[in-house]
Amino acid sequence: MTKFIDLTLSGISSGAIYAAVALALVLIWRSTRVVNFAQGAMLMFTTFIASAVITSGGSYVLGFAVALAAGFVLGALVERTVVRPVENARPLNAVILTLGLYTLIVAIAGMIWGNTPRSFPAAFSLRGYKVGGTTLLFTPNDTFIVLVVIAVAAALAFLFRGTSLGLRMRGAAFAPEVARLLGVRVGRMLTLGWALAATVGSLAGVLVAPSVFLGPNSFDPILIIGFVAAVLGGLDSPPGAVVGGIVLGLALSYVSGYEGSSLVPLAALVILVIVLMFRPTGLFSATKERRV
Amino acid sequence: MKPLAVFRGSTLLRSLAIVVVAGVVLLLVSDSLSSYRNLQLAYGGYYFCVLAGLTVLAGSSGQISLGQGAFMAVGAYTFSKLNATPVAWSVFPSLVGAVVATVLIGIPVGAAASRLRGPYLAGATLAFAVGLPALADKFPAFLGGENGLIVNPPTSPSWLGSSFPLERWEAWIACGGALVVVFVLYNLTHSAVGRSWRAVRDDEIAASLSGLRVGRRQTLAFVVSAACAGLGGGLLAVVTQIASPGAFPLQLSLTLLAGAVIGGLGSLVGALWGAAVLVFLPNWTTDLANSFSLSGNVSHNLPIAIYGLVLIAAMLVWPSGIQGGVRAAGSALRPAIAGRGRRAAASPEAEAGLGAGAGAGAGASEDEEVTGERAR
């Protein structure tokens, strides 16, 4: 029973991180109908930048801020330079392009920082809370992760629903022609969408790095799981991405705890296939019908 | 022209002729190569098997698979288990076993894949590529954990002499596998099956209205490409003499995709170019890094960076790959050559000359139809 509680708690904290990655994928899918398979590499790169800032004497907060800023710039840069031409091409082109981007960023990170994983500091203590006599598998750092992700999700919800910028971004994504006629700078909104998404992604990278170590390929499973979480939530619904991330975090935590961590990516694949077979629009999709 | 007409008419004879000619050329080439070059030839052989399967999948049936590395792992592990002591089959039955095992795993994966499109298919096969090799950790006693399984080097038959170099024998095995793949895929793509794949690729609704079972056709294409990858994986186990999870990272699957795109999706000749690039590029970049005295980190990652750049550049400016470039150059030159031939021909031969030109044109257009421009 203690084990079950522990797994549930650690599932919530890893689920929060999956939710953040899923949010990054969903934001990009909503704005440009591209699944950004380079997201894992982009958040790896910005986390390396944070690590470089921290090891050269900067504080954790400074490293965190630099990572977010780098993510914003990287996202905008990527959209404006290479993604823009394939946005209206066949979906396969965008897939191959973002995979190429993934490959390139991983290689560049390997060139700069080497392929040996390194440790990354956590914001808060990694010792579990003590309740009664037992130590729970939930740390102050996990609390920090969950709170940050909730804050980000709330901020995004406010941006899209409560501000005129969010309205323009939604307009640019769903009815680009109409939005353009009404004076919205559609291209700029799409770039902003990518930049925001990459910022959320780099946030996830900094949050997860203490528990997986930091290397060019460390975040591959997280990208896969984030993608599954996004599909679980319907791929174009931010609340769906958050719920999908938490649900998947719990499910994979149980798989990992009871069957071993090597099965986690395969379990994610099985969940993905089952969801796509029986509910291809995801659990929270806004659209009624869609080809998967 | 008459004897050649037979080959033009029969796909089977044409493919046999291609395989025999290629086989003889490979034998002669391999005989004059050093051990190291023969080893490279063997690498090229197994890369070709996988790339040919991938290029037919992407080019003919319009699907994408990022899981070819995982299918290679299935082939390599099956080969290692069958070739090792409790079963102790010799190389060729073990390779057949590797293909059979990959087909058995490919069928459910392909059935699931046939229901997915675009980014969903890519994401699912990506998860397959990341998830499957991790299974080796789950069953360390059976699959050898992180260290993997060791494969005994293949012994060449006694009639080749005792001093026959191991690398040459490995090259022969790998190239033999590649020739089998050429034979099977050439006949498949030029048959009703290949036509049905292209029909499904170009318009699913029209294809299903014409009575094609779209899902089954796509599953078949997926399983065929998985079988090629399984054979390639088995050959990899023969050549490198090890099957370990570290040999099949996600990067391998992406490298294979890059190889197929570089060569040109949809064409078997393109797969040949792609295999050559995958074999030689790491060497070139290592030499390059050495001559500029770059650090180990840089030279180790340079090939991967180039694959990434090529994937991006190919999608932005040059989606038809090397073979597309070769074909464009060929069709630019052809009218000039044909025109010269016509002028040179005296009146009695003029008709024959025109016939040859038309024949070449027909051959080219058929080729074009096979490959399609699916990268776009």
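Counting every other Cβ atom within 10 Å of each residue's Cβ, B:Phe71, A:Phe37 order from fewest to most as A:Phe37, B:Phe71. Segment B:262-313 and segment B:101-156 have Cα centres spaced 25 Å apart. Note on chain B: helix-only mean residue ellipticity at 222 nm, from DSSP H runs of 4+ residues weighted -39500 (n - 2.57) and normalised by residue number, equals -26000 deg cm²/dmol.
Ignoring the sites themselves, chain A has its longest run without trypsin sites (Lys or Arg not before Pro) in a DSSP loop having at most 16 other Cβ atoms within 10 Å at A:186-287. Build a GNM of chain B with springs between Cα atoms under 10 Å apart, and of B:Gly45, B:Gly131, B:Gly106 the one that fluctuates most is B:Gly131.
Membrane-span-like helices in chain B (whole DSSP H runs, Cα extent of at least 24 Å along the helix axis, mean Kyte-Doolittle hydropathy of at least -1.0): B:11-32, B:35-56, B:91-113, B:166-189, B:214-240, B:268-291, B:296-316, B:321-344, B:347-371. As a length-normalised measure over Cα pairs under 8 Å and 6 or more apart, the relative contact order of chain A settles at 35 percent. Taking a ≥ b ≥ c as the square roots of the eigenvalues of the alpha carbon gyration tensor, the protein assembly as shown is prolate, as a/c is not under 1.5 and a/b beats b/c.
Result for chain A in a Gaussian network model with C-alpha springs under 10 Å: among A:Ile17, A:Ile112, A:Ile54, the largest mean-square fluctuation is at A:Ile112. Its relative contact order, with pairs defined as Cα atoms under 8 Å and 6+ residues apart, puts chain B at 28 percent.
Axis of helix A:238-259 versus longest Cα principal axis of chain A: the two differ by about 30°, to the nearest ten degrees. One chain, two ends: A:Arg127 and A:Val61. Fully extended at 0.36 nm per residue, the span grows by 21.7 nm beyond their Cα-Cα distance.
The largest-to-smallest principal axis extents of the Cα set in segment A:200-242 are 30, 16, 13 Å.
For segment B:179-213, trypsin sites (Lys or Arg not before Pro) are listed when DSSP marks them as loop and at most 15 other Cβ atoms sit within 10 Å of their Cβ; the list is B:Arg213. Seen from all directions on average, chain B presents a Cα convex hull projection of 22.6 nm². Between A:Leu223, A:Phe213, B:Pro157, the Cα set farthest toward the positive side of the dipole of the protein assembly as shown (charges on each charged residue's Cβ, about the Cα centre) is that of A:Leu223. Helix A:164-174 against the longest principal axis of chain A: what's the angle in degrees, Cα atoms only, rounded to the nearest 10? Taking Cα atoms only, the helix is inclined about 70 degrees. For the segment A:263-275, counting C-beta atoms of other chains within 10 Å of every residue's C-beta and taking the mean gives 5. Among A:Leu165, A:Leu252, A:Leu27, the residue with the largest mean-square fluctuation in a Gaussian network model of chain A, with springs joining Cα atoms closer than 10 Å, is A:Leu165. Fully extending the segment from A:Thr135 to A:Glu259, taken as 0.36 nm per residue of separation minus the present Cα-Cα distance, adds 42.4 nm. For segment A:202-258, applying the loop criterion from DSSP together with a ceiling of 12 other beta carbons within 10 Å to the chymotrypsin sites (Phe, Trp or Tyr not before Pro) yields A:Phe213.
So if R0 is 60 Å, what FRET efficiency would B:Phe164 and B:Ser208 give, r being the distance between their Cβ atoms, rounded to the nearest 0.05? After rounding, the FRET efficiency stands at 0.65. Once the Cα atoms are used to define both axes, helix A:186-212 deviates from the longest principal axis of chain A by about 10 degrees. Legend: mean number of C-beta atoms from other chains within 10 angstrom of residue C-beta atoms, peptide B:292-303, equals 3.
Where a number appears in this text, it was derived from the coordinates with a stated rule and is not lab data. Owing to the predicted nature of the structure, the values given are computational and were not obtained by experimental measurement. Cβ atoms come from the backbone with ideal geometry, glycine included; neighbour counts cover every protein chain shown.
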